[in-house]
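Reading through the structure tokens given below for one structure.
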């Protein structure tokens, strides 16, 4: 009996020592994870080149989270209000607290391999650095990547949408990709046609892409939307670019129902509310709603940033585009706010907008599902904001999130740069040497659409284009109907026509006034003048003055609507009315009309 008792005591002692060792190991691991996050945030604070003195960022350390994949942060480092202004990041309880910049996760980290590839050190994926300049249909893009042999590998593939979106950088935008590592096809920041195919393909009937469509990312505008798959011609009007990837699949969801109204995605470590907000609200109210929510024993719920919310989209072809066995919807066609702010164009007129995810239909002004389930776009934050490209809903729903490998950073990231990073003006305009800021380039003289060039751009004959546009004697062309006839989008048709405005060579023709990024007359405030010469100033060049030149912003083509109207056989008044342009050259709402990117 005594021996048995002694044995039990010995076994018990060993068990206690074993458990103590395990607890010590877990504690050390958690401490290491938390220290790593804290060190990353403090490193951001001490990065040189922005402030003359060190900036201390107060941090709130959360419990360590385990996940299969590391979600790359958005890069947004500043806080904004609904009036588009940059503000000091608010503290808890103040308006606009809890936006993107106040939660820092895994920062971008790339390595240029000097062999035409770039390694993403966060995701482990290896990317084609310079995409092929040919536009392809979706199926041809898959074949191109499968046949690609680069950097000693022939295992290249087309990236999934979530892999492609992991490259999206929201620090400034336009473009939404780090051009220090990745090349784009076009030079000018005004070009919206940097659309790249993903491997995702599904049949959802939209006005632009019915019935066969695939989905892609636009690295110029940051948007995700559906496009015609180009089945009728790989290099034709529906063609897009492709950037191939190498490596294991990234960001495959692994949802677990916690049986308490929350869902955990083991892929990212994020915990989600199973139900949505139940009603729509503006952006400021969405942030306040998150701050006031206490659920399932947690009070650190937040509005997800654009990458967090996009991470739960299901692009397999279901409608709505989400796993409905785990998530509930009040309204399937509601848009859902993110905490990430946005601005409308390369001119950055203010961060009046915030990004949203449409799990259901993403509609245009006619109410058609123009962009597809799972689209990522932006909406104006509050009533009274400037008009965007699509109908403003303003009152969008919210699906709250918590956890993940993020650290709360109350002051945001003062080292971020939210200025437009796509340097360059119109290709036909030269400026001063880099580092000095060249003179504003002269605007191109007025002209008319070059329909032959537009047809060549679309991969069709001029006769086919003119037949689709219809008899000019019957009034201005219906771009929507013409696009449908040609099997392309209205955006692609409009871009092809408007980007092929032939310049007048008549020496008696007066020079056009400076224009803004959309080709419309620039406001007086946008036309700084040198007091001695009257010459407009170009943008400031990059510091250093090492080689190369920057283009001024005045070289955009100026459309002579009188000449264009004469070409179309209608009056100038009829043409302006059809384009929705008010007297003075601007459409209703003060925003130039733009094709959907």
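Each reported figure results from applying straightforward, stated rules to the coordinates on display, with no laboratory input. Values in this document were obtained by computation on a predicted structure and should not be read as measured data. Virtual Cβ from ideal backbone geometry, glycine too; neighbours counted across all protein chains shown.
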- Task: Would you mind computing, in nm to one decimal, how far apart the modelled labels at residue 279 and residue 178 are, each placed 7 Å from Cα along Cα→Cβ?
- Result: 4.3
- Task: Report the normalised scattering of region 250-318 as log10 I(q)/I(0) at q = 0.14, 0.24, 0.27 Å⁻¹, calculated by the Debye formula with identical scatterers on the alpha carbons.
- Result: -0.48, -1.26, -1.39
- Residues 74, 143, 293 in order from fewest to most other beta-carbon atoms within 10 Å are 143, 293, 74
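In which sequence would 171, 85, 480, 73 go, from the one with the fewest C-beta neighbours within 10 Å to the one with the most? Walk me through the intermediate numbers first.
Values: 171 20, 85 11, 480 17, 73 24.
By the 10 Å Cβ count, ascending: 85, 480, 171, 73.
Based only on the alpha carbon positions, what is the Kirkwood hydrodynamic radius of region 314-355, in angstrom?
On the way: mean 1/r = 0.0785 Å⁻¹.
Every distinct Cα pair counted, the radius reaches 12.7 Å.
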- Kindly rank 330-339, 272-281, 350-359, 148-157 from highest to lowest mean number of other beta carbons found within 10 Å of each residue. 350-359, 330-339, 272-281, 148-157
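Using Cβ contacts closer than 10 Å as the measure, can you line up 392, 492 from fewest to most?
The order, fewest Cβ neighbours first, is 392, 492.
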- Query: Expressed as cubic angstrom per residue, what is the convex hull volume of the alpha carbon set of region 241-360?
  - Reply: 144
